[in-house]
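To start, the structure under review is shown below, and the notes come after it.
The values are calculated or read from the model by the stated rules, or taken from the named source; none is laboratory data. Predicted model only: the values in this text are computed from it and were never measured. Here the Cβ positions follow ideal geometry from the backbone for every residue, glycine too, while neighbour counts run over all protein chains shown. For accessibility, only protein heavy atoms count, side chains too; no ligands or nucleic acids. Shrake-Rupley method; radii C 1.70, N 1.55, O 1.52, S 1.80 Å.
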Amino acid sequence: MPLPLLVALIVLLLAPPSLAQALRTAAQDHPPKFSRNADGQPTGISIDVMRAIHRLDPSISFVGEDRVMPLKRIERHLEDGDIDVFFGILKNKHRQDRFVFIEPPLYTSANVLIARRDDPIEIRRLEEIRALGKEGVVMVTVGYAQVEQLRSLGLLVDDKSDTLDQNLHK
């Protein structure tokens, strides 16, 4: 997040209610951060955080939480100033150089490695995947920070899908 945008955000957060403004955001198809309930309304941890902030200070509101887009596009919109804030982006060196992250994090999450039910292999460590060679491909959603980390460990990564659901149906 550029410094002028950060200053504007701080001013907005400290401003009296007469200067209320809606912060532009976006959603990502990634439960539990963002999902949709049975009525198609946005829900998830990030939505809960936005609602809690608004309850604590009604002068702060958010728009765009129902606009779902891939993470790469969200990052580009943050850089271009088309959105003001995003909840639930993983902090890594590349992003830390471009955006401002609040501390402490709103929540932490753990990554889980899954295999297809009919796959005869049982993976307990990443080294076992690397030993599979070309058969040991890890599928990760495009734009996720884990891609960089997994590749740095020498793993083959397929990051061509926009959503977790697309990866699960490959």
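Structure values in brief
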quantity	calculated
Residue-wise HN-Hα coupling along segment 81-97, computed from phi with Karplus coefficients 6.51, -1.76, 1.60 (Hz; x: Gly, Pro)	x, 6, 10, 9, 9, 9, 9, x, 9, 6, 7, 9, 4, 4, 6, 4, 6
Cut-off under 5 Å, modelled amide H: who pairs with residue 156 long-range	138
Alpha carbon centroid spacing (whole Å) that separates segment 105-170 from segment 30-69	27
Equivalent-ellipsoid semi-axes of segment 30-70, from the Cα gyration tensor, Å, largest first	19, 11, 9
Antiparallel DSSP beta bridges within the chain, percent to nearest 5	25
The chain - percent of accessible surface contributed by carbon and sulfur, probe 1.4 Å	56
Distance (nanometres) between label positions extended 7 Å along Cα→Cβ at residue 54 and residue 153	3.8
Backbone HN-Hα couplings from phi across segment 120-132 [Karplus 6.51/-1.76/1.60, Hz, Gly and Pro as x]	x, 8, 10, 8, 10, 9, 4, 4, 5, 6, 4, 5, 6
Which listed pairs, of 93/170; 93/134; 91/170; 33/170, have C-alpha distances above 26 Å, in listed order	93/170; 93/134; 91/170
Added length on full extension, which subtracts the Cα-Cα distance from 0.36 nm per residue, residue 94 to residue 72	6.7 nm
For segment 29-133, accessible area per residue (1.4 Å probe, heavy atoms of protein chains only), Å²	69
Where Rh is the Kirkwood radius over Cα pairs, Rg/Rh for the chain	1.03
